[in-house]
Each structure stands twice: as structure tokens, then as C-alpha cells.
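Peer 1: Have a look at this one before I ask anything.
Please treat every number below as a calculation from the coordinates, not as lab data. Everything numeric here is computed off the predicted structure, so don't read it as measured data. Heads up, the Cβs are rebuilt from the backbone with ideal geometry, glycines too, and the neighbour counts pull from every protein chain shown.
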């Protein structure tokens, strides 16, 4: 076998390396640019609110009942009728009450006749007593005769007093009979709407055991919403705060009002015999009440309302998704190509300090955000805070930018300073799978830049 010269072997190795390098150069995978999920800085409204579930109730509802027993002879109203105060609603059979009235009147007539007899007798015994006094003074009669006449006279006076008392008692009975007769006519105690007919025409009601309800009458021109506030939110809620709600039938229409009252105790206080022994694991809710007009009558009793109690709001301001805000306790993971340059903070992993400080991919710090006196006052009052966001640049890179954030409801945040309308803020890297919820929220707000 012929021996290969070293020079030729070296030449073959060089050629092979050159071929491999050339192939790698042309066939190597192209490095893709970093993908970002972004959202646009927009102009809009933002609010921080407490969410609660409420129930619509009538401002005032009365159960109109019967105070006497008997058969409901006639109903003069139907369900949904508008009635005025004093208007006749139903008629109960009044035969027994009429008879009681006539009996009371007859009793008074009888007692008046007895009074006349006793008055005549009083006049007689009084005359006899006066005669006996004159005769006794002339020594023409005995003392016993005088005393007998005096006793008869006092007895007649007592009889008059007794019959007058009986007549007074009978008059009270007569007044009660008249009142009971009036109770057979059921009238409306107030203006309102018939919302329920409990007793139908022809039914017999018994008022001896309990007051039976004939109809339910409610004022529907104004509705009261009773919203259940959890104990975690009730300390944030105060009387006079703006509140609005939507109904299941019209979720697009917001109806605004002012909070009238927050009840001091939960509903469970009405049923618990010993509140201290109640289970601590059960949820506690407090009722918040407010009223809304209902001129068109579209709001009805027991409707479900989605209630929002506004704690703070900002109108026509620049907003960004809250997920775009970077902070030291939630650092953004550096994307491919951005690097993690910068000194390691004490107790912090690499890259976290630069994210909190706002260093860009090259380790450069962005310019510090200069604040006016008014803006610094907002920060001192806790109404604003400094933060950092990443803004997508024209070359596809993300530049850390200092901003001043105002109202933040953890979904949307107000940008007071540092951005302009139309800027694209980075919510997450396209390759970052640790924040899928933020990605889904970003997809609904802005495009994903590739």
C-alpha cells in the first residue's frame, strides 16, 4: 500500500474543514427575532370598584289584610292594578257585623228606656225624702221614716249611675260594631300597585287566629336595591358613594345612584340565637342599600342586579394593561437577546435587579422620570407610584421606560406620565409560558409583534 505524504493529508483535512464550515454557514438555522406580546396605550376610563350581587325590592310594600272574619264576597282589583289611597279593594260578607251593630243599637235604646224609668223613680223618692225632712222638722214623723226615705233616695241615685255606665259600655260596643262593619270593606292604605292577590273571591278568611292577607300593595315608582357586600370589602364602602348596576335582562344599560345605607349587621343576626357560636368558616355579607327611580316600570321585584360600588375613577386618561407594569416583586424574565447584564443585587437573582431598576438589554439605565410638584404630591399621598414598562421600538427591541402610574385596578392602570398615546407596551415575551393569563388579556387589547 502506497504511503500518503503528510502534506497531502494536511491538505485533505483543510479542505474537509472548509467544506464543513461552508455548509454550516449556508445551512445553519436563522436566528429568529424576539417575539413580544404587546398592548397599545389608549385613551379611556378606568375605575376601581367593589363588585356585589343585589336584589331589587319595592321601596315600600304592605300586606293588606282583613281584621274581621267572613267570606270575601267581591274583589274590586286585579293583579297589576294601580290604586289610590282609600280605594276599595275587596268586600267581606258583612251580615254578622251588621247584626252586631243593630244589637248594640237596640241595647242602647233599652238602656235609655231603663234610664228614663230610674229618673222618674229618682224624682219620686227625692220628693218623698224632702217631705219627710219637713215633717221631721215639725216633729210630725219618726226618724226611721226619714232614714227610710233617705235610703230610697240614695238607691235611686245609684241606679241612675249604674244605668249610665251600662249605656256608656253599650256605646263602646256600638262603636266597635261600627268599626268591624267598616273592616268588611278592604281599602288601600297607600298609593301603589297590586303585586299579589293572596285571597281570591269566594274564600273565607279567619281573623281570630291571625290577620289573613288579602293583597300585597307596593310602591314601584322607586326601587330599592339590596346588595350583599362581603366582609373583605365592607370597610371600603361608605354612604354617598357612587354606585351603578346592570340587570340580567339589560346588561348593557348602567343605572346610577348614590349609596344610601350600609347596614351595621349581617342578615344572619335575625336568625342566629347565639352569634358567638356561629361557624367562623361561613361567609359573612352586609347589605348596602340604594334607591333608583322606576318611572317606566321596567324594574321589577326580586330582579337580580350586578352592582358596582365605585371607590375611585379616572375619566379620559391614558391606560395600559396592569400586566405591563414591572416591579421588583414581579420581575420580567429577560428575553432571548436582551441579556442579564448588570450587578447582582444583594439577595436577588441575576436579572431581577436590572428589571426593577429599568436597565435595558445593554445594561444602560433609562433617563430618570422628572416629576412636577403636583405629581410628587400624588406619590407622597399614595395616589400614584413610579414604575417601569417596556416599550416596543421600531427595530423590534423593547426599551425599559420609567412611568408614573395612577389608578390601578389590577386589570387596567392609568398612566399619568412617561408614555404617549399609541405606544406599544410589552406585556410578556412570546416565548414566556409562565404568564398565559397575561397573554390572553393582551391578545384582547393589542397585537402581538413578531
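Peer 1: Quick check on packing: order 317-325, 199-207, 180-188, 145-153 by the mean number of other C-beta atoms within 10 Å, highest mean leading.
Peer 2: Taking the mean over residues of other Cβ atoms within 10 Å, the ranking is 317-325, 180-188, 145-153, 199-207.
Peer 1: Let me ask you something else. Using only the alpha-carbon atoms of the range 95-180, report the extent along each of the three principal axes, biggest first, to the nearest angstrom.
Peer 2: 65, 14, 13
Peer 1: Spin-label point model (7 Å from Cα, Cβ direction): what's the residue 114 to residue 282 distance in nm?
Peer 2: Modelled inter-label distance: 6.1 nm.
Peer 1: Taking 0.36 nm per intervening residue step and subtracting the Cα-Cα distance, what contour gain separates residue 121 from residue 190 on full extension?
Peer 2: 19.4 nm
Peer 1: Label points 7 Å out from Cα along the Cβ direction at residue 232 and residue 381: separation in nm?
Peer 2: 2.9
Peer 1: Which of the peptides 45-51, 393-399 is most tightly packed, and how do the rest follow, going by the mean number of other Cβ atoms within 10 Å of each residue?
Peer 2: The densest-packed peptide leads the list: 45-51, 393-399.
Peer 1: With a 10 Å radius around each residue's Cβ, average the other Cβ atoms per peptide and rank 169-177, 249-257, highest first.
Peer 2: 169-177, 249-257
Peer 1: Ok, one more. Could you calculate the contour length gain from residue 209 to residue 84, that is, 0.36 nm times the residue separation minus the distance between their Cα atoms, to one decimal place in nm?
Peer 2: Taking residue 209 through residue 84 to full extension adds about 42.1 nm, to one decimal.
Peer 1: Next question, about the same structure. Output the relative contact order of the range 95-180, whole-number percent, from Cα pairs under 8 angstrom with separation of 6+ residues.
Peer 2: Over the range 95-180, the number comes to 51 percent.
Peer 1: Here's another thing I want to ask about it. Full-extension gain between residue 151 and residue 19, please, as 0.36 nm times their residue separation minus the C-alpha to C-alpha distance.
Peer 2: Stretched out fully, the residue 151 to residue 19 stretch lengthens by 32.0 nm.
Peer 1: Simple spin-label model, 7 Å along Cα-to-Cβ: residue 421 to residue 399 in nm?
Peer 2: So the label points at residue 421 and residue 399 sit 2.1 nm apart.
Peer 1: Taking the number of other C-beta atoms within 10 Å as the exposure measure, put 143, 118, 96 in order starting with the fewest.
Peer 2: Result, fewest neighbours first: 143, 96, 118.
Peer 1: Which residues does the label zone of residue 43 cover in the range 377-417, counting backbone N under 18 Å from a point 7 Å along Cα→Cβ?
Peer 2: Residues passing the 18 Å test: 413-417.
Peer 1: To the nearest 0.05, how large is the calculated FRET efficiency for residue 130 and residue 172 if R₀ is 30 Å and r is the Cβ-Cβ distance?
Peer 2: For residue 130 and residue 172, the calculated efficiency is 0.25.
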